[in-house]
Structure formats: C-alpha cells, structure tokens
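K.L.:
Would you mind keeping the following structure in view while I ask a few things?
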Amino acid sequence: MKLLPPKPEPPSDGDCCLSGCEFCVWDLYDEDMREYQKQAGIIRQAFEDQGKEVPEQIRPENLRDLVDPTMRAFLDMEREMAMKIEQEGQEHNDDESEN
C-alpha cells in the first residue's frame with residue numbers, strides 16, 4: 001500500500017513578503033496541501049475497498065489545511081482567477097487556429 005507523505009506545514013507569518021509574488025509561499029503550500037489530500041483520498045479509498053477501518057489521520061475531517069479562513073478565501077479566489085485566465089487563453093488560441 002502507498003505511504004502518505006508528511007502533511008505540509010503552512011508558511012510562517014514572516015515567510016510571505018505580501019508583494020504579490022507569482023509563486024507565493026501560500027500558493028506553494030496550497031498546491032502541496034491539495035496533493036497531500038489527493039494522496040490521502042487514494043489511500044483512504046484503498047482501506048474502504050478492503051473493508052478496513054480508515055486511520056484517523058486520513059479521515060476527511062483531519063485533512064483540512066491549517067490556513068486562516070480569510071487567507072483560504074483569498075487563495076481560492078486567486079486559483080479561480082488563474083483558471084479563468086488560462087481558459088480564456090485557450091479559447092483565444094482556439095479562435096486563432098480556426099482563422
């Protein structure tokens with residue numbers, strides 16, 4: 001069975017310079033946390049498929065990240081904006097290739 005890597009630690013207060021870096025430490029943490037949750041979900045499903053009790057550390061209620069709710073809302077908004085920009089870029093490229 002696959003082993004779960006250590007749970008990512010959120011950045012410390014002094015780790016973010018608050019200058020809007022393209023690769024903010026909070027964005028990196030968010031990506032790491034999503035990958036951790038994905039891997040935990042795979043492992044949890046394997047336990048459930050085998051009819052075994054799911055270990056406490058990979059139960060959904062214990063996989064939430066430790067981010068302040070305000071920062072979580074900001075990260076979610078940034079991710080949505082990035083996805084929208086990427087989608088608009090793909091649509092623009094599709095339009096150009098049709099012409």
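Values in this text are rule-based calculations from the coordinates and carry no lab data. What you are looking at is a predicted structure, and each value in this text was computed from that prediction instead of being measured. Here the Cβ positions follow ideal geometry from the backbone for every residue, glycine too, while neighbour counts run over all protein chains shown.
K.L.:
I'd like the FRET efficiency for R64 and E91, computed as 1/(1 + (r/R0)^6) with the beta carbon distance as r and R0 of 41 Å, rounded to 0.05.
P.N.:
Numbers: r = 34 Å, r/R0 = 0.83.
My answer for the efficiency is 0.75.
K.L.:
When the helices in the chain are scored as -39500 (n - 2.57) per DSSP H run of 4 or longer and the sum is shared across all residues, what 222 nm value do you end up with, to the nearest 500 deg cm²/dmol? Can you show the working numbers first?
P.N.:
Details: 2 runs with 55 residues, N = 99.
For the chain, the value works out to -20000 deg cm²/dmol.
K.L.:
What chymotrypsin sites (Phe, Trp or Tyr not before Pro) in the range 23-52 are in a loop by DSSP, with at most 13 other Cβ atoms within 10 Å of the Cβ?
P.N.:
F23
K.L.:
Loop sites only, by DSSP: take the GluC sites (Glu not before Pro) in the chain that have at most 10 other C-beta atoms within 10 Å and name the longest stretch containing none of them. Could you put the intermediate results ahead of the total?
P.N.:
Working: sites that count: E22, E53.
No qualifying site falls inside 54-99, the longest such stretch.
K.L.:
Helix 25-49 versus the longest principal axis of the chain: what angle, 0 to 90°, nearest 10, using Cα atoms?
P.N.:
Result, in degrees: 40.
K.L.:
Top mean-square fluctuation among L63, L18, L28, Gaussian network model of the chain, C-alpha springs under 10 Å?
P.N.:
Comparing L63, L18, L28 in the GNM, the peak value goes to L18.
K.L.:
Tell me which label goes with the value of Rg/Rh (Cα atoms, Kirkwood Rh) computed from the coordinates here: (1) 1.11; (2) 1.20; (3) 1.42.
P.N.:
(1)
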